[in-house]
Amino acid sequence: MKLADAKKDQYRKLAKESNYRSRAVFKLAQLNKSYHFLKRGTKVVDIGAAPGGWLQLASKMVGPDGLVIGIDIKEIEPISNVITLIGDITEEETILLLQKNLDGKADLILSDLAPNVSGIWEMDHLKQIDLTRKAVRATIKLLRQNGNAIYKVFQGETTSEFISDMKDVFLEVLITKPDASRKQSSEIYLVCKKFKLKNSQKFDGDNHNTIIS
Ligand SMILES: C[S@@+](CC[C@H](N)C(=O)[O-])C[C@H]1O[C@@H](n2cnc3c(N)ncnc32)[C@H](O)[C@@H]1O
C-alpha cells in the first residue's frame, strides 16, 4: 500500500472509531486547530455538508449557545443541535431558506462543495470553482461584516483569478492544505478572514466560468 493510501485509510478508520460520518472531519479539525474559527457561541452555515462530519464537529465546538446549519442537495441524517436542510446552493430560493433559518447573520461560512466529478480534471476544476463562486454569492447574503469563511477549491487554470477576486471580499485570504487532505488530490482550502461586504460586486452575477453540466 502506498503511503498516501495508508494515510487515507488511517483517517477513515479513525472517523469510524470516533463515530464521525466522514474522514473529511479531520480536515476541518486541523484547519480549526490553526485558525480557531469554531468557538463557543459561533453561528455557522456549512454549504455542501452531507454526510455531516463537519457538522458533527462544528456542533460540538460551538456548544448550546451557537448555531449550526447544514445544507446539501442530498438529505443529511439528523444531528442533535444542528439544522439540516436540503437545497441547491446555485438557487436563490436556497439562500432565502438559509436566511429564514439563520437568526440574523452568520459568523462563519464553511464550504466543502464538490460537484459530481467526470475524471477530466480541467472540467471538474471549472465546475467546482463555478459551484464555489455560488457559495461566495450566498456568503455575501449570509455572513456578517468581519466574519470568516473556509472554502474548498479544486486547483486549476482559474484558481489564481478566483483567489484574486476573493481578496476583494475578504481582508486576508490564506491558502492551505491540511494533512488529512490526500497529497495526490489537488484540493486546497482558502481560509478567508474579515469579510468586507462593500466589495462583493464580482460575485453578484452569473457570468463567471459557468459550466453547463
Ligand atoms: C465532499 S462532500 C462534503 C463532506 C462534508 N464536509 C462532511 O464532512 O461530511 C461535498 C458535498 O457537496 C454537495 N454539493 C454538490 N453540489 C451542491 C449544490 N449545488 N448545492 C449543495 N450541495 C452540493 C454534495 O452533495 C456533497 O455532499
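Quick check on the stretch 119-127. Is at least one of its residues assigned to a strand (DSSP E or B) and either surrounded by fewer than 20 Cβ atoms within 10 Å (Cβ to Cβ) or in contact (Cβ under 8 Å) with a residue 60 or more places away in the chain (or both)?
No: zero hits.
Please name all residue pairs, on different chains or six or more residues apart, with Cβ atoms under 8 Å, provided the first residue is in the stretch 43-63 and is farther than 15 Å from N19 by Cα and the second residue is aromatic (F, W, Y).
Pairs found: D46/W54.
Which of the residues belonging to the stretch 142-157 are under 20 Å from A106 (Cβ atoms), open to solvent by 20 Å² or more (accessible area, probe 1.4 Å) and not polar (S, T, N, Q)?
Of everything in the stretch 142-157, just one residue is under 20 Å from A106 (Cβ atoms), open to solvent by 20 Å² or more (accessible area, probe 1.4 Å) and not polar (S, T, N, Q), namely R144.
So, E172, is that one modelled with pLDDT of 95 or more, assigned to a loop (DSSP other than H, G, I, E, B), open to solvent by 50 Å² or more (accessible area, probe 1.4 Å) and charged (D, E, K, R) or not? Spell out the reasoning first.
Numbers: modelled with pLDDT of 95 or more: yes; assigned to a loop (DSSP other than H, G, I, E, B): no; open to solvent by 50 Å² or more (accessible area, probe 1.4 Å): yes; charged (D, E, K, R): yes.
Against the criterion (modelled with pLDDT of 95 or more, assigned to a loop (DSSP other than H, G, I, E, B), open to solvent by 50 Å² or more (accessible area, probe 1.4 Å) and charged (D, E, K, R)), E172 does not qualify.
Filter the stretch 13-25 down to residues that are assigned to a helix (DSSP H, G or I) and more than 14 Å from the chain's Cα centre (by Cα) and give me whichever is surrounded by the fewest Cβ atoms within 10 Å (Cβ to Cβ). Talk me through it step by step, then tell me what you get.
Looking only at the stretch 13-25, we keep the residues that are assigned to a helix (DSSP H, G or I), and these are 13-17, 25.
Narrowing further to those that are more than 14 Å from the chain's Cα centre (by Cα): 13-17.
Working: K13: 11, L14: 14, A15: 19, K16: 11, E17: 8.
Restricting to residues being assigned to a helix (DSSP H, G or I) and more than 14 Å from the chain's Cα centre (by Cα), the top hit is E17.
Looking at L97 and the list (1) in a helix (DSSP H, G or I); (2) more than 23 Å from S186 (Cα to Cα); (3) free of Cβ contacts under 8 Å to residues at least 24 places away in the same chain, which single condition is not satisfied?
Among (1) in a helix (DSSP H, G or I); (2) more than 23 Å from S186 (Cα to Cα); (3) free of Cβ contacts under 8 Å to residues at least 24 places away in the same chain, L97 violates only (3).
Limited to the stretch 79-113, what total is found for residues that are under 25 Å from G41 (Cβ atoms), acidic (D, E) and within 12 Å of the ligand (Cβ to nearest atom)?
1
Among the residues of the stretch 19-63, what is the count of those that are more than 21 Å from T176 (Cβ to Cβ), within 13 Å of the ligand (Cβ to nearest atom) and among the small types (G, A, S)?
Of the residues in the stretch 19-63, 3 are more than 21 Å from T176 (Cβ to Cβ), within 13 Å of the ligand (Cβ to nearest atom) and among the small types (G, A, S).
How many residues does the stretch 128-150 contain that are away from the ligand (no atom under 13 Å from the Cβ), basic (K, R) and part of a helix (DSSP H, G or I)?
The number of residues fulfilling the criteria is 1.
The values are calculated or read from the model by the stated rules, or taken from the named source; none is laboratory data. Since the model is a prediction, treat every value here as computed from it, not as a measurement. Reconstructed Cβ throughout: ideal geometry from the backbone, glycine too, with neighbour counts over all protein chains shown. Surface accessibility is based on the protein's heavy atoms, side chains included, excluding ligands, DNA and RNA. Shrake-Rupley method; radii C 1.70, N 1.55, O 1.52, S 1.80 Å.
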